[in-house]
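Beneath this line is the structure, given in structure tokens, with notes to follow.
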């Protein structure tokens, strides 16, 4: 949650990520996504625009 500020600079100077001491982003992102295999995980577009 962003702390309120009067200016953009004030908001970003007060910003701080709250990350647990033992956090695995791969587990949080990849494994949760893989729980629903019908979801699209990646769309590749080549140089000619084909997907």
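The values are calculated or read from the model by the stated rules, or taken from the named source; none is laboratory data. This structure is a prediction, so every number in the text was calculated from the model and none was measured. With ideal geometry, Cβ positions are generated from the backbone for all residues, glycine too; neighbour counts draw on all protein chains shown.
Filtered by the rule that a residue be modelled with pLDDT of 85 or more and either outside any helix (DSSP H, G or I) or over 19 Å from the mean Cα position of the chain (by Cα) (or both), the stretch 1-18 gives 6, 7, 8, 9, 10, 11, 13, 14, 15, 16, 17, 18. Close contacts from the stretch 25-51, counting a first residue that is in a loop (DSSP other than H, G, I, E, B) and a second that is surrounded by 10 or more Cβ atoms within 10 Å (Cβ to Cβ), with Cβ to Cβ under 9 Å and a gap of 6+ residues or different chains, come to 39/33; 41/30; 41/33; 41/34.
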